[in-house]
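This report refers to the structure that appears directly beneath it.
The values are calculated or read from the model by the stated rules, or taken from the named source; none is laboratory data. On a predicted model such as this, the values are computed, not experimentally measured, just so you know. As a convention, Cβ positions derive from the backbone with ideal geometry for all residues, glycine included, and neighbour counts pool all protein chains shown. Just so you know, the surface numbers come from the protein's heavy atoms only, side chains and all, with ligands and any DNA or RNA stripped out. Shrake-Rupley method; radii C 1.70, N 1.55, O 1.52, S 1.80 Å.
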Amino acid sequence: ADAVGADLERFYERYMMTSLHIWMLLRRLQKEGDDGKKVGQELYDLFTHHVEKDVYNEGVQVRVSKWLAEIEKTFYGSCLAYDKALRDEATADAELDRALARNVFGAEEEGGAGWGKSAQHLTRYVRRELACLEKTPTEAIMKGWILFSSVK
């Protein structure tokens, strides 16, 4: 626990993994036009509501608005990094490794904790889940009938 009374490391890890899955769903929903945009906004609103609740449940009692603004900025930054990583198929895996190492594992430089096998494993997971979401029928996506496989 830190000065605000919360186990911030555990919260951050959980938040970043949830954010990664929200990003995958939002990416898939983009292909559904205006209906996908509406469902995506509802998903994001629900996600932010749960994040706010989690922040309070973790015991954060001071600077909550600032905290929430910072983690929202983190969410958007990581989404942009993941989208950018997948722009060029030739370099997508290596770029996604880097983005995941930095955002999920908090690695600041190549070779740091979380870099290498952990990021590569998570990249394979993300690519597999994105492929599965692509094959998931629109009706299932729009109704939230989505199942992710284990990261293990």
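Lys-Lys pairs in segment 47-152 that are eight or more residues apart or on separate chains and whose Cα atoms lie under 30 Å of each other come to 18.
Peptides 72-83, 43-54 ranked from most to least packed give 72-83, 43-54, packing being the mean of other C-beta atoms within 10 angstrom over each peptide's residues. A compact globular protein would have a Cα radius of gyration near 2.2 N^0.38 Å; the ratio found for the chain is 1.08. Largest first and in whole Å, the equivalent-ellipsoid semi-axes of segment 7-74 read 26, 12, 9, each the square root of five times a Cα gyration tensor eigenvalue.
Each listed q (0.22 Å⁻¹) maps to a log10 I(q)/I(0) for segment 75-152 from the Debye sum over equal C-alpha point scatterers, namely -1.03. Tell me the carbon and sulfur percent of the accessible area for the chain, rounded to whole percent, probe radius 1.4 Å. For the chain, the apolar C and S fraction of the accessible surface comes to 52 percent.
Based on protein heavy atoms only, segment 33-152 ends up with 65 Å² per residue of surface accessible to a 1.4 Å probe.
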